[in-house]
Each structure stands twice: as C-alpha cells, then as structure tokens.
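Chemist: Pasting a structure here, questions to come.
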Number of protein chains: 2
Amino acid sequence: MATERPRPVTLMDVANEAGVSVSTASRALTGARRVRGDLEARVRTAVETLGYRPNEAARGLRMARTMTLGVFFHELTNPVSLDLIDGLGAAAHEARYSLAVTSARGDRSQYASLFQHLYGQRVDGLVLVWPFGELSAHLALFVRAGIPVITIRSQRGVPGLPVVSADTTAGITEAVNALAALGHRGMTVIAHGILWTPPASRRRNLDLATEAVGMRLRRRSSRDAGLTVREIVASELSSEDAPTVFLAPYAEVGEVIEAIRAVGKRVPEDVSVVSFADSRFGAAALSERPAVIDVDSFELGRRMAQVLVDAIENGPPSEDVRIQGLARWVPGATVGPAPHR
Amino acid sequence: MATERPRPVTLMDVANEAGVSVSTASRALTGARRVRGDLEARVRTAVETLGYRPNEAARGLRMARTMTLGVFFHELTNPVSLDLIDGLGAAAHEARYSLAVTSARGDRSQYASLFQHLYGQRVDGLVLVWPFGELSAHLALFVRAGIPVITIRSQRGVPGLPVVSADTTAGITEAVNALAALGHRGMTVIAHGILWTPPASRRRNLDLATEAVGMRLRRRSSRDAGLTVREIVASELSSEDAPTVFLAPYAEVGEVIEAIRAVGKRVPEDVSVVSFADSRFGAAALSERPAVIDVDSFELGRRMAQVLVDAIENGPPSEDVRIQGLARWVPGATVGPAPHR
C-alpha cells in the first residue's frame, strides 16, 4: 500500500469495496434506478470509507461543460473586486461551478492572451468586470461558440451583451432626501482617480434626485482640471454659492475632510461629507466611517453569477438585469444639519 | 448560417477551410512533424479566419490534468487577498493554468463542501491562504490523490505540507535599524483584529531586530485586554518608559494617530507610527501614507503559483520555500527623530 502511487478513488474502487458491480454502485449513487436497500447501504459505507467523490470534471464533459465560470477583471486593485469575487464564488459554488479568475493587471496588451486562455479552457460563461475600451474582437470567439457573456457595465461595440447592475436609484434618492431634510441646498461631487469612474446611471440618478428637491449640484474633477482635491475643496468653499455637502470617492474622504479643516471649517458643523461605499473592506483606516450610500457588491456578484448560470443552462437573459435593493443610505458622523447662513 | 446553433470552431473546421486532412492540420499546428510550407500557410490562414483555438480542457484531459490551480481562502475581506489573487493569476496564466478561487466567507462550516468541490473539479494543485484551524480531514482527499497542496503559513496536523512565505527578516531589520538611528529606544506593537494575526516569523524577526539594537519592545493586544486602541495608546504614553514608536496594523494607523493627538502629543515630533503594508491598495483613505514595512503580496502570490506549478509538473518541493526580497522599509511622514527626554 505504502509504495502505491496515489490516485483519485474511482467508482470502481467503491464497487470493489462494497462487493457490488460498478453499475450497481453508480445506480445507488445517482438514484437513477432503485437498488436493494442493503446494497445501497454497502455502497454508501464504501463511499465514506474510501472518501470517494464523483469526478465533476468528467460530469462536465458528459454535459459538454467544464462547470467553470470565467471572470475577467481589467485590474484587481479596487477592494470592490474582492466583494465581487466573493459573491460570484458563493453563487458559483451553490450551482456547482468553479470560478476561474483572471486579471489583465491594468494592461490592455494582456487582453488578447487572457481571453484566448479563458476560451481555450472552455469556460461555460464569462463575466466582465470593469472592462475599459473595445472588446468586440476578443469576445467574438465566445459569441460564435454560444458561450454567454455578461458584464457589469455597458459595452460599446458589443451590442446585446447583457449588463447586470445594481439599481442605485433608491439609495441615492434616500441620501439626497435625507440631506435636503437637514437643510442642505448645494452639493459638489468630487471625481478623482479610477475608483471614481461612476456608472452613468449613478450620475443620472444623482441629477434626478437633486433636481427633485431643488438642490444645486456641481461636479469637479481633479483629473480634468489638474487640481488637487485640496485645491478643489478650497475653491468651492470660497465661492459665493458654496456647497454644504461634498460627495467624494471613499478613498479620498480623509483628504476632503482635511481640506475642509484646512480652510478653517468643521465637519459636519459647517460642511458635511458623503461617499459611496461599494466594499465591505472600505476605508477601515478612517477612524470613523463616513456617511455613505452603501452598495452591496457581494450581493451584486452573487446575482451576476446566478444570471450567468441561468444563461448557461436556460439561455441568455432577454435584456439587461437591474438588481433592486442593493443600495441604501447609511448616515454617519460626517453629516449634520446645514449651517445657518 | 444565422439559424445554425453556435459551437466552438474545431480542428476539423480548420482542416476543411484549409482543404487539408485533419492530421495535416494537427501536424501543422503542433509542429510534431514537418508539413509542406504552402499547406502550413493555408492552415495558419484558416486558423486566423475562423478564430480557432486549441481546446485546453481537452489537452488537459490527455495529460490527465484540468490545467487548473485551486485557491482556498478562509475569507476575502483583507485587500492582501486581492494582491495574492492577482499574483497567483499572473503566474498561473504564464504557465497556462486557470485559477479557481474559492472562499469560505469566514465560515468554517463551508470548508467540507468547498474542499469537496475543489476535489470534485479535479484541480491539479491547491493553494491554502489564511486557513485557520484543522484541515487534515479535508486535505486527505488531495494527499491520497497525489494532488500537491501548498500553504502560505504553517498547518498543524498536516505535517510535510510545504509553506511558501515572504522572508521579512531584511525588511524588519532595516526598519528597526532606521528607527534606532533616529534615536528611538522603545516600541510598542498594537495587535488588533484579524488583519493583524502576524505570522510567527514576523514576531520572531521583530524580537531579534530590536534586541540587536537594544530597543525595548512591548506588545499590547486590544482583543485580549478588552481595551480600545485609544485606551492602549493612552496607557502606554503615560507609562514611565513610554515608547516613542507605535507599530500598528494598517487598518488602525489612523486610530493610533488620533489617539496620540488626543493625549496632546504630535506625530511624528513626539511619537512615530509605523505599520506593515501587505497590499497595493492599502489604506488609501489616509491622506498621507504612513511609514511602512512593505511586503509585496503580488509577488508572493506569483511565487506561490510558480512553486505549485513546479510541484504539479516536477514533484513537490522538498522543504518550505522562503522568498527573499519581498519586504523592505519605506520611510514616511509618520516617522521622525526620537524626541529629547
């Protein structure tokens, strides 16, 4: 025994151990046809004794599937990705699929090789997360082979690719209404860095929600203007219609608060600060969690995988999937009533 | 054409398109035997035209491999995991393997099902990251089947499981020497939360490095004592031999700095603050990056996957693998000369 080359336990081993035929062992395990009670018990005992597990890869082959969902990330630097992977993995596991994770590490020249690899491995479906730029050429292989592809945001150039997204309407409306009820009449959104390339729907929802309550909304991007966050905050606060709320990316909340203090104002007595939080990890380095519009990325990942598995097993969804209830307003110590002017 | 069910392009399609036999097409592509130059060119053209890719899953089957590396995470909440996944994926891709990522979402009752799934999918090798507790029962299946398993830290109960780890000796020594050169004679390490369950080697290296320069080292754990970070900092700074340096987990650096300021001291004029940084993402919410002992988790992941692929293809490593050069001292604005007493 000790010198025997290790190998996976097969159904034949189980049948030998139980003293039954392979087909009896198979029937006992799949329940395809009735097996005498005592024989079934012997097979079950043999399975436990030997630690036998059915070969899922072989099962996949019989179904012409590899039982694998591929995930393509442009890069893995945003903690949101961790929640998405966790959620995708949870749903994949429930449906008995594996999750093959790939990242281009921010390098578009890696795309061709990675997509060819995913295709070569014959993933049964593909999730694209944060894809930038044109992907049609890479996706043609998958589309031609009938492998479902879904994405977390719209793709120009790949018409008909279903988009699964969190509907942030409710969360954003709730946040804006809460701020309006506190007397706030002007908000400036600070855009900065890759963590803050907001989906168009967030922009639109913010426009609609602020318009509905008559709140002024300005957008300032440090990237476009070549300004630092500190310079933007200072210039906004010195303007005649200075905002009383800043909406900033999570990674820049600390910087915005310091910039407000640098011009002699207090948070939240003079100015409130709000952010989007897409990740359970978030900015743990902040001693106090800022007020956030919380988006449950784990649940988004879970639902994406469910949509993909459904597409593999029952055909692609006929339209985009917008998931409700993933965004909600969570007040925090960085928000207070608007100051009297 | 439009109503034809989409399917992957096969070698037979290529052969038909090129007007050659399947075996000629195969020889042209594998280079196993010489093929007439004009025939080879026709096959190459057909490959491009049709977008043919060899079926890696089928190739894996011929080699009795699935060309998949499994990764098991206890949970995916630490951004370090993102760097590890990225590094593991980079090396896996180079070696033409896929990376199947699983997470128990912090729930040990998920272990059995996840390990059975990984085994059932016939991963060719397995990486365990942050596994807590006893894993022997789950790993028996893999060990018996001769599937290599490596881990990022020691496993009690699984003797002989190779550990791949970053050798932090150089980085820690460099940091302690730099602090000693700035006049610091006392350091307190604050342990708190799951982000800061330091590998035994880090503790040992810290002991050795501080001893070598005659620096006092104290450890305080907020979990054991039921104290807040703020209470620990206050009590340490009021002691007779108060430390002039705190070493804190990245996620608590902001809290430590605020606690120091709360007792009327300045950073770094009165007290310096140092951390370990294991992730490229890190605490981006801090406006200034603290002085850190930087550990390159991406590279650690890359090397782990390389060790695993080597184990699959050439047999397991004979001993633990300690990777040099992944830890280095990076000074920052939170560190200054020790104050005169």
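Chemist: Would a scan of segment B:38-52 turn up a residue that is at pLDDT 85 or above, outside any strand (DSSP E or B), surrounded by 13 or more Cβ atoms within 10 Å (Cβ to Cβ) and at the interface with another protein chain (Cβ under 10 Å from one of its Cβ atoms)?
Modeler: No - not one qualifying residue is present in segment B:38-52.
Chemist: Taking the stated definitions as given, is B:Ala305 at pLDDT 90 or above, open to solvent by less than 70 Å² (accessible area, probe 1.4 Å) and in a helix (DSSP H, G or I)?
Modeler: yes
Chemist: How many residues does segment A:322-340 hold that are assigned to a loop (DSSP other than H, G, I, E, B), more than 15 Å from A:Leu247 (Cα to Cα) and open to solvent by less than 20 Å² (accessible area, probe 1.4 Å)?
Modeler: 1
Chemist: Then there is this: If we only count strands (runs of 3 or more DSSP E) wholly inside segment A:89-154, which ones have 1 or more residues that are within 11 Å of chain B (Cβ to nearest Cβ)?
Modeler: A:98-103
Chemist: I would also like to ask the following. What's the total number of residues in segment B:72-88 that are more than 9 Å from chain A (Cβ to nearest Cβ) and either over 12 Å from the mean Cα position of the chain (by Cα) or acidic (Asp, Glu) (or both)?
Modeler: Counting residues in segment B:72-88 that are more than 9 Å from chain A (Cβ to nearest Cβ) and either over 12 Å from the mean Cα position of the chain (by Cα) or acidic (Asp, Glu) (or both) gives 1.
The values are calculated or read from the model by the stated rules, or taken from the named source; none is laboratory data. Just so you know, these numbers come straight off a predicted model, no measurement behind them. Positions of Cβ are backbone-derived with ideal geometry, glycine not excepted, and every protein chain shown enters the neighbour counts. These area figures cover heavy atoms from the full protein model, side chains too; ligands, DNA and RNA do not enter into them. Shrake-Rupley method; radii C 1.70, N 1.55, O 1.52, S 1.80 Å.
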